[in-house]
Every structure is written in structure tokens, then in C-alpha cells.
Amino acid sequence: MQENYVIRVEGLFKNYGPVIAVDGISFHVSQGEIFGMVGPNGSGKTTTIECIEGLRHPEEGFLQVLGLDPQRDARLLHQRTGIQLQSSSLPNRMRVEEALDLFASFYQHSRDWCSLLEEIGLADKRRATFSQLSGGQKQRLFLALALINEPELVFLDELTTGLDPQARRATWDLVGQIRRQGTTVILTTHFMDEAEQLCDRVAILDHGQIIALDTPEMLISQLGVAKRISFLLNGMACKDPLGVSDSSLAPRFIPARIGAIDGVQRVEQDGDQVTVYGQGDGWVGEVVMLLQTDHIPFSNLRTEQADLEDVFLALTGRAIRN
């Protein structure tokens with residue numbers, strides 16, 4: 001029996017002249033799933049989402065969303081989906097209740113927005129103008145506008161960009177609530193902790209291709225790094241017998257010595273910041289013992305488990321892209 005897929009993408013290809021934006025990718029999204037898409041700038045995730053939404057026409061490939069063709073059935077599909085864009089705005093003098101009334105009029109079916117405002121924590125702002133809202137309140141308003149038609153599928157693009165930590169966590173709770181109500185969520189984000197926290201599965205895109213797709217837990221385990229420690233080198237110079245500082249007498253930090261410890265997989269150094277990755281038992285204590293034996297002054301030692309950001313950087317690299 002075939003699973004009930006909300007989205008089916010097979011061999012999707014899209015180019016802009018000589019530039020290949022999406023290079024033959026395939027994936028599916030199941031009903032009730034929170035599916036994340038992450039990737040560096042220019043990786044193709046935005047173009048992929050826009051093709052799924054029906055905003056762009058692909059050169060090749062098969063697309064099906066809620067059993068419909070995004071191009072041929074665009075008007076019908078828009079009645080059943082919701083979209084929250086990364087960059088959105090409303091007239092500064094428009095009131096929250098006016099925005100909700102306006103957007104509700106776009107759909108054949110819409111929900112009671114008074115209860116929606118209660119759910120997203122904006123009930124006391126219904127008569128506030130757009131310019132009077134904080135950044136987090138504006139994001140919650142746009143989320144409400146994306147949910148006003150009780151969509152079966154909602155697209156959330158960079159949902160928490162620019163929000164403070166408290167507002168981010170509150171927004172995460174709202175996304176979880178959306179899923180519990182049966183809505184399928186497509187989430188694009190640059191925050192790996194957000195994808196790891198919210199998503200059932202994550203697709204990592206690079207150069208127009210899906211280079212990894214699995215649950216966050218499986219992606220992390222496949223990286224093969226169970227733990228990492230980081231610390232700062234204090235850079236203290238030794239003193240000669242006359243009490244004069246002499247950098248030539250200072251202990252030298254040699255990454256290769258740590259790299260030779262059993263269980264250590266790699267050592268990264270960025271100035272005074274050192275990060276050691278490894279797997280297994282006992283290697284963390286040996287790293288600390290070696291630093292002490294070599295008289296290497298260090299501070300801010302932290303032990304952390306590998307996370308989705310490690311996977312992302314391992315697969316896509318660290319170079320900044322435009």
C-alpha cells in the first residue's frame with residue numbers, strides 16, 4: 001500500500017540560463033511531517049520550494065502537491081496551502097484585525113481568527129497597528145495569516161530570523177502545535193539547532209542537489225563523530241630565570257600530538273580556539289592529561305555532543321558563499 005505523500009518530487013531540474021539552480025532532485029514528504037530544507041546560499045532550496053509552491057516553472061521533473069499539479073492546479077492548491085515568507089510587510093497603519101479580515105477574504109474557507117490570535121498569543125494586539133508590533137509579534141502575525149485558511153500544508157521560510165531567543169523558542173512551540181493539529185510543515189532555515197529541534201527529516205542541499213536526507217539523529221550518527229571538546233589556548237609566555245618574559249620558552253601547542261590519541265578523529269584550530277572531535281571512551285581525559293603534561297595553558301573547556309551543524313559543515317564546507 002502506497003504511503004500518503006503530501007509532496008512528491010521526482011527528477012526536478014531548474015536552470016536560469018547557464019546556471020543550474022536545481023539539478024534533478026527527488027524526495028517526498030509524508031502527511032503530518034515537519035520536513036526541513038537547509039543549505040548554503042545558492043544551494044537551490046529556495047528555487048525548489050518556489051517550484052513546489054507553483055511560483056516557478058521547472059524545466060524538467062514531476063511535481064505533485066496534495067495530489068495536484070502546482071502549475072495546472074495553482075488556484076485550487078493555494079486554497080489548501082499556507083505560506084509564510086522570509087521577508088514580508090504590511091502597511092504600517094493597518095491593524096492586526098484588519099489584516100486577518102483581509103487575508104480571510106482571499107479564501108473560500110477560513111477559520112475564526114479570534115481563536116487563532118489566542119493560540120499565537122496576539123489576542124491583546126488585535127487593534128494594534130502593524131508599526132506598533134515588535135519583531136516577534138510581526139512574525140507571529142504572518143504565521144497567523146499563513147494559517148487563516150486552515151491549510152493542509154504550510155511553508156515556513158526562515159521563520160525565526162531576527163528574533164531574540166525567547167521569541168524563537170515561543171515560535172518553535174507554535175510550529176509543534178501546528179503539526180499536532182495535523183498540518184504538514186515545510187521548513188527552510190539557516191539555523192541548524194532549529195532544524196534539529198523541529199524537523200522529522202532534513203534534506204541538506206548543495207549545488208542544486210540533495211547531498212543528505214534523513215532524520216536529524218541519523219544524519220548525526222552517520223557523521224561518525226560522537227563528541228567534541230573545545231577550549232581556548234591562553235597564550236601565556238614562560239619566563240626565563242631572570243623573570244623576563246620570553247615567548248621562545250613558552251610551551252607549544254602541537255595539534256598532531258592530540259590527533260595521535262586513540263579515538264580522536266580530527267583537531268581544528270582557529271586562532272586560540274581549539275576543537276577536538278572524537279568517538280569512543282577515554283579520549284577526552286587523555287586530551288586534558290596531554291595538555292597538562294605539555295604545560296599548555298587552556299581555559300573554557302567544554303564537552304559537547306555532535307549536532308546537525310557539524311553535519312552541515314562537514315558536508316558543505318566552511319567557506320562563506322554569496
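Considering segment 193-227, and only residues there that are in contact with a Ser or Thr (Cβ under 6 Å, 6 or more places away or on another chain) and charged (D, E, K, R), the residue that is modelled with the lowest pLDDT turns out to be 206. For segment 111-169, the set of residues classified as in contact with a Leu (Cβ under 9 Å, 6 or more places away or on another chain) and assigned to a loop (DSSP other than H, G, I, E, B) consists of 111, 121, 122, 126, 128, 133, 148, 152, 158, 159, listed by residue number. Candidates in segment 32-52 are the residues that are among the aliphatic types (A, V, I, L, M) and outside any helix (DSSP H, G or I); of these, the one that is farthest from residue 154 (Cα to Cα) is 38.
Test residue 50 against the criterion of being among the charged types (D, E, K, R), surrounded by 18 or more Cβ atoms within 10 Å (Cβ to Cβ) and modelled with pLDDT of 95 or more, and give yes or no. Full working, then the answer.
Working: among the charged types (D, E, K, R): yes; surrounded by 18 or more Cβ atoms within 10 Å (Cβ to Cβ): yes; modelled with pLDDT of 95 or more: no.
Criteria not met by residue 50.
Being without any contact (Cβ under 8 Å) to a residue 40 or more places away in the chain and not small (Gly, Ala, Ser) is the filter here, so list the residues in segment 270-287 that pass it. Full working, then the answer.
Looking only at segment 270-287, we keep the residues that are without any contact (Cβ under 8 Å) to a residue 40 or more places away in the chain, and these are 270-271, 281-283, 285-286.
Of everything in segment 270-287, those that are without any contact (Cβ under 8 Å) to a residue 40 or more places away in the chain and not small (Gly, Ala, Ser) turn out to be 270, 281, 283, 286.
Would you mind finding the one in 129, 81 that is of a type in the set (Val, Ile, Thr), over 30 Å from the mean Cα position of the chain (by Cα) and either farther than 21 Å from residue 164 by Cβ or surrounded by 16 or more Cβ atoms within 10 Å (Cβ to Cβ) (or both)? Before the answer, list the steps.
Details: 81 fails: over 30 Å from the mean Cα position of the chain (by Cα).
When all the criteria are applied, what remains is 129.
Just to be sure before I move on: is residue 36 touching a strand residue (DSSP E or B) at 6+ places or on another chain (Cβ under 8 Å), surrounded by 13 or more Cβ atoms within 10 Å (Cβ to Cβ) and at positive phi in the structure I sent? Taking the combined requirement at face value, the residue does not satisfy it.
Of everything in segment 189-206 that is within 16 Å of residue 26 (Cβ to Cβ) and of a type outside the set (A, V, I, L, M, F, W, C), the residue that is farthest from the chain's Cα centre (by Cα) is 206. Taken over segment 264-287, the criterion of being surrounded by 15 or more Cβ atoms within 10 Å (Cβ to Cβ), assigned to a helix (DSSP H, G or I) and not charged (D, E, K, R) is satisfied by 283, 284, 287.
The sole residue among 76, 12, 63, 102 that is in contact with a strand residue (DSSP E or B) (Cβ under 8 Å, 6 or more places away or on another chain) and surrounded by fewer than 16 Cβ atoms within 10 Å (Cβ to Cβ) is 76. Of everything in segment 193-231, what is assigned to a loop (DSSP other than H, G, I, E, B) and surrounded by fewer than 18 Cβ atoms within 10 Å (Cβ to Cβ)? Give them in sequence order. Within segment 193-231, 200, 207, 215, 224, 226 meet the criteria. Checked across segment 302-321, the condition of being at pLDDT 90 or above, part of a strand (DSSP E or B) and among the hydroxyl-bearing types (Ser, Thr, Tyr) holds for at least one residue. When residue 3 is tested against (1) in a strand (DSSP E or B); (2) modelled with pLDDT under 95; (3) among the acidic types (Asp, Glu), only condition (1) is not met.
Only one of these is under 19 Å from residue 184 (Cβ atoms) and without any contact (Cβ under 8 Å) to a residue 60 or more places away in the chain: 143, 117, 102. Name it. It would help to see each step written out before you state the result.
On the way: 117 fails: under 19 Å from residue 184 (Cβ atoms); 102 fails: under 19 Å from residue 184 (Cβ atoms).
Going through 143, 117, 102 in turn, the sole match is 143.
The values are calculated or read from the model by the stated rules, or taken from the named source; none is laboratory data. What you see is a predicted model, and the numbers here were worked out from it, not measured in a lab. Positions of Cβ are generated from backbone atoms using ideal geometry, with glycine treated the same way; all protein chains shown enter the neighbour counts.
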